[in-house]
Amino acid sequence: MAAPAPAPVSAQPGGPLAGLPWRTRPSPVPAWSYAVRQLQFWLTDYRRTWRGSIISTVLNPLLYLGAMGLGLGTLVDKHGTASLGQVSYLVFLAPGLLAASAMGTGVGESTYPVFGSVKWNKTYQAAVSSPLRPADLFHGHLLFVGLKLTMASSVFLAVAAAFQAIVSPWAILALPVAVLTGLAFTAVIEAWTVTRTKDTSLAVVYRFGLTPLFLFSGTFFPVTLLPGWIRPIAYLTPLWHGVALCRDLCLGVATLPSAFLHAGYLLVVLGAGIFAGNRTYTRRLYV
Amino acid sequence: MTTALIRARGLTKRFGSFTAVDGVDFELHRGEAFGFLGPNGAGKSSTMRMIGCVSPPTEGELSIFGLDPVADGPAIRARLGVVPQEDSLDVELTVRENLLVYGRYFGLPRPVIRERSDRLLDFVQLADRQNDRVEPLSGGLKRRLTIARSLINEPEILLLDEPTTGLDPQARHVVWDRLFRLKQQGVTLVLTTHYMDEAEQLCDRLVVMDAGRIAAEGSPRELIGRYSTPEVLELRFDPTVHENAAEKLAAVPAQRREVLADRVLLYVEDGDAALAAVRGLGLDPLTSLVRRSTLEDVFLRLTGRRLED
């Protein structure tokens with residue numbers, strides 16, 4: 001089996017590779033820096049699309065708060081706001097929409113962009129041929145989505161403040177809660193998306209996941225108005241916890257125990273998503 | 001005694017009950033161009049993916065730079081370049097951005113990437129397209145960009161999985177030329193192919209794979225010497241007399257006779273003498289060709305099948 005080894009060819013000057021033969025080795029780097037490298041990829045990618053993305057980030061809250069908060073809200077407020085906690089519909093709606101649109105961003109980021117990377121462009125397969133590991137790709141994308149959520153949620157809060165829909169300085173804490181809500185969805189759905197081989201299954205997430213959650217998790221009306229048997233289901237959804245905590249903070253009525261409960265629930269979902277994603281990413285990309 | 005750059009012993013990869021790679025042994029040394037030759041499904045790509053540390057071996061030993069691909073994946077991959085079978089470029093980005101993104105994966109500083117990109121884009125003759133988006137580029141240009149990308153970290157070993165499959169002849173020759181220059185520079189090339197001419201052009205040493213096993217190993221010249229004759233006489237008969245003629249040819253002294261669907265191959269020392277003997281039997285082939293043996297003949301001999309079937 002062992003053939004005579006050919007003598008190593010010495011490097012010729014002027015070729016494509018200047019540094020031969022090899023002497024310097026990349027120094028060992030901390031594991032998190034691999035995730036940051038993947039974050040840089042998404043930021044490079046984002047440079048192509050940021051204009052359209054910024055426009056919808058500003059426009060969406062304007063449209064929703066204008067149409068539903070002001071338009072529909074005028075009707076609602078005429079009929080009494082006792083079930084809303086004696087605040088105007090606009091003030092009630094804004095924090096719910098904040099959490100719900102964070103979910104929307106999270107779901108959007110964790111479906112087609114991830115599926116495209118593993119199936120259409122195969123850029124994930126290219127990336128794991130570098131020092132990056134599958135889990136680094138996952139974490140790098142979560143970092144990117146975290147940044148995007150921070151930006152979008154900040155814009156949302158600013159727009160809501162311009163609509164005078166923010167009544168408490170505690171609202172500033174709704175920002176990290178919204179980001180956490182979005183990331184919890186991102187991690188769980190992304191862990192699943194990376195296992196998919198057909199893009200048609202992604203539509204299921206929107207049809208049976210995103211839309212019902214958006215409508216029935218307390219965004220537009222209190223969950224207490226739902227039939228009693230369905231309420232426990234609403235309480236189990238991560239979005240309800242995000243909506244409830246954002247609303248408590250924006251209204252300035254949050255209590256420490258309930259804040260811990262809601263944030264804790266979202267953290268558990270996020271942790272479970274990361275745990276699952278570490279495995280599904282590895283299984284899909286190391287075959 | 002140089003230590004092996006890549007060393008495999010009993011290397012096995014199974015997917016469920018299917019065994020893609022069935023206990024192969026090989027060793028690779030610095031500066032070599034080493035090829036895995038075999039038809040589709042022979043286990044070439046699975047072997048390459050294990051060497052690329054993106055596919056854990058099911059059984060057996062594998063070491064690359066003396067390191068363990070499972071435990072030291074990032075450290076090994078930092079020193080490898082990979083040209084995958086399917087293009088995996090980011091088609092939304094420009095040619096140059098693809099190199100930038102990939103260079104960052106290796107933790108290279110931007111000025112270093114810029115400088116290397118200039119050099120590599122010249123090398124693969126893509127400098128004039130550097131700011132174009134990748135999507136509309138032709139297959140040949142994408143392949144060349146993929147090769148440039150695989151060199152951004154100045155790898156010690158370049159893994160190429162069917163580097164010219166799907167390219168037109170002209171594009172293939174450009175790729176071969178670039179790979180040959182890399183070899184001259186001392187880059188160790190490991191490639192898979194089901195083109196015998198590619199293996200003959202590029203490989204110092206190769207293994208012939210079939211059904212997950214290594215059927216033979218050696219330099220192209222050694223393999224031809226060991227498993228084939230110096231010359232081959234190819235005969236094509238009218239389809240109506242093809243079988244009949246094939247039987248009669250048994251009378252022609254030849255080391256081996258292969259009856260294919262459309263041709264008969266006679267493996268002989270002297271092709272012209274054999275052709276004279278064929279004519280002496282009163283057989284009148286439509287066409288006849290005397291040629292030197294190739295790796296295709298070696299493969300046919302070892303497996304009874306043609307490479308590109």
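Out of B:Thr240, B:Thr287, B:Thr193, I need the residue that is within 30 Å of B:Asp161 (Cα to Cα) and hydroxyl-bearing (Ser, Thr, Tyr). Which one?
B:Thr193
Considering segment B:6-27 alone, what residues qualify as being within 9 Å of chain A (Cβ to nearest Cβ) and touching a residue at least 60 places away in the same chain (Cβ under 8 Å)?
Listed by number, the residues that qualify are B:Asp25, B:Phe26.
Report whether or not B:Arg149 is closer than 19 Å to B:Ser45 by Cα and either crowded, with 19+ Cβ neighbours inside 10 Å or not acidic (Asp, Glu) (or both).
No; evaluated as a whole, the condition is false for this residue.
Taking the criterion of being more than 13 Å from B:Ile157 (Cβ to Cβ), among the aromatic types (Phe, Trp, Tyr), facing another protein chain (nearest Cβ under 10 Å) and surrounded by fewer than 24 Cβ atoms within 10 Å (Cβ to Cβ), would at least one residue in segment B:86-104 satisfy it?
Looking for residues that are more than 13 Å from B:Ile157 (Cβ to Cβ), among the aromatic types (Phe, Trp, Tyr), facing another protein chain (nearest Cβ under 10 Å) and surrounded by fewer than 24 Cβ atoms within 10 Å (Cβ to Cβ), one finds none in segment B:86-104, hence no.
Starting from segment B:196-223, keep only residues that are modelled with pLDDT of 90 or more, then list their pairs with residues that are assigned to a strand (DSSP E or B) and of a type in the set (Lys, Arg) whose Cβ atoms are within a distance under 7 Å, requiring at least 6 positions of separation or different chains.
Close Cβ pairs satisfying both conditions: B:Gly218/B:Arg205; B:Ser219/B:Arg205.
Quick check on B:Arg116: is it at pLDDT 90 or above and within 16 Å of B:Asn98 (Cα to Cα)?
Criteria met by B:Arg116.
Among A:Ala126, A:Ala99, which is within 14 Å of chain B (Cβ to nearest Cβ), buried (at least 22 other Cβ atoms within 10 Å of the Cβ), part of a helix (DSSP H, G or I) and at pLDDT 95 or above?
A:Ala126
How many of the residues making up segment A:59-87 are free of Cβ contacts under 8 Å to residues at least 40 places away in the same chain and polar (S, T, N, Q)?
Residues that pass the stated criteria total 3.
Here's a check for you: in segment A:102-123, which residue that is among the hydrophobic types (A, V, I, L, M, F, W, C) and closer than 21 Å to B:Asn98 by Cβ is surrounded by the fewest Cβ atoms within 10 Å (Cβ to Cβ)?
It comes out as A:Trp120.
Using beta carbons and a limit of 9 Å, which pairs, at least six apart or on different chains, have the first residue in segment B:125-144 and over 19 Å from B:Leu179 (Cβ atoms) and in the same structural domain as B:Ser88 (by TED's automatic domain parsing) and the second one hydroxyl-bearing (Ser, Thr, Tyr) and part of a helix (DSSP H, G or I)?
B:Gln130/B:Ser117
Condition first: more than 14 Å from every other protein chain (Cβ to nearest Cβ) and exposed (fewer than 13 other Cβ atoms within 10 Å of the Cβ). Can you find one or more residues in segment A:45-54 that meet it?
yes
Give me the strands (runs of 3 or more DSSP E) completely within segment B:191-284, filtered to those with at least 1 residues that are in contact with a helix residue (DSSP H, G or I) (Cβ under 9 Å, 6 or more places away or on another chain) and away from chain A (no Cβ under 14 Å), ordered by residue number.
B:205-210, B:231-236, B:256-259, B:264-268
Residue-wise test of (1) under 20 Å from A:Val128 (Cβ atoms); (2) surrounded by 23 or more Cβ atoms within 10 Å (Cβ to Cβ).
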site	(1), (2)
B:Thr3	no, no
B:Ala8	no, yes
B:Thr12	no, no
B:Ser17	no, no
B:Val21	yes, yes
B:Lys44	yes, yes
B:Gly52	yes, yes
B:Thr58	yes, no
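Looking for whichever is within 16 Å of B:Arg7 (Cβ to Cβ), touching a Lys or Arg at 6+ places or on another chain (Cβ under 8 Å) and touching a residue at least 40 places away in the same chain (Cβ under 8 Å) here; the options are B:Pro39, B:Pro57. Which one fits?
None of the other options fit; the residue is B:Pro57.
Does any residue in segment A:240-267 that is in a helix (DSSP H, G or I) come within less than 6 Å, Cβ to Cβ, of a residue that is of a type in the set (Phe, Trp, Tyr) six or more places away or on a different chain, and which pairs are these?
Cβ pairs passing all conditions: A:His241/A:Tyr265; A:Leu249/A:Trp170.
Do we find that B:Thr165 is within 22 Å of B:Ile51 (Cβ to Cβ) and more than 12 Å from chain A (Cβ to nearest Cβ) in this structure?
The answer is yes for B:Thr165.
Out of segment B:128-141, which residues are away from every other protein chain (no Cβ under 12 Å) and either part of a helix (DSSP H, G or I) or among the acidic types (Asp, Glu) (or both)?
B:Asp128, B:Arg129, B:Asp132, B:Gly139, B:Gly140, B:Leu141
Please go through segment A:121-173 and pick out each residue that is farther than 22 Å from A:Val58 by Cβ and of a type in the set (Ser, Thr, Tyr).
Within segment A:121-173, A:Thr123, A:Tyr124, A:Ser129, A:Ser130, A:Ser168 qualify.
In this structure, is A:Phe221 part of a helix (DSSP H, G or I), more than 14 Å from chain B (Cβ to nearest Cβ) and either surrounded by fewer than 17 Cβ atoms within 10 Å (Cβ to Cβ) or not β-branched (Val, Ile, Thr) (or both)?
So A:Phe221 fails the test.
Just wondering, is there one or more residues in segment A:41-52 that are among the hydroxyl-bearing types (Ser, Thr, Tyr), within 22 Å of A:Val114 (Cβ to Cβ) and in contact with a Gly (Cβ under 8 Å, 6 or more places away or on another chain)?
Checking segment A:41-52: not a single residue is among the hydroxyl-bearing types (Ser, Thr, Tyr), within 22 Å of A:Val114 (Cβ to Cβ) and in contact with a Gly (Cβ under 8 Å, 6 or more places away or on another chain).
Give the residue, chosen from A:Leu175, A:Leu215, that is touching a residue at least 12 places away in the same chain (Cβ under 8 Å) and either more than 15 Å from A:Pro95 (Cβ to Cβ) or buried (at least 19 other Cβ atoms within 10 Å of the Cβ) (or both).
Checking each option against the conditions leaves just A:Leu175.
The values are calculated or read from the model by the stated rules, or taken from the named source; none is laboratory data. Source: prediction; values computed, not measured. Heads up, the Cβs are rebuilt from the backbone with ideal geometry, glycines too, and the neighbour counts pull from every protein chain shown.
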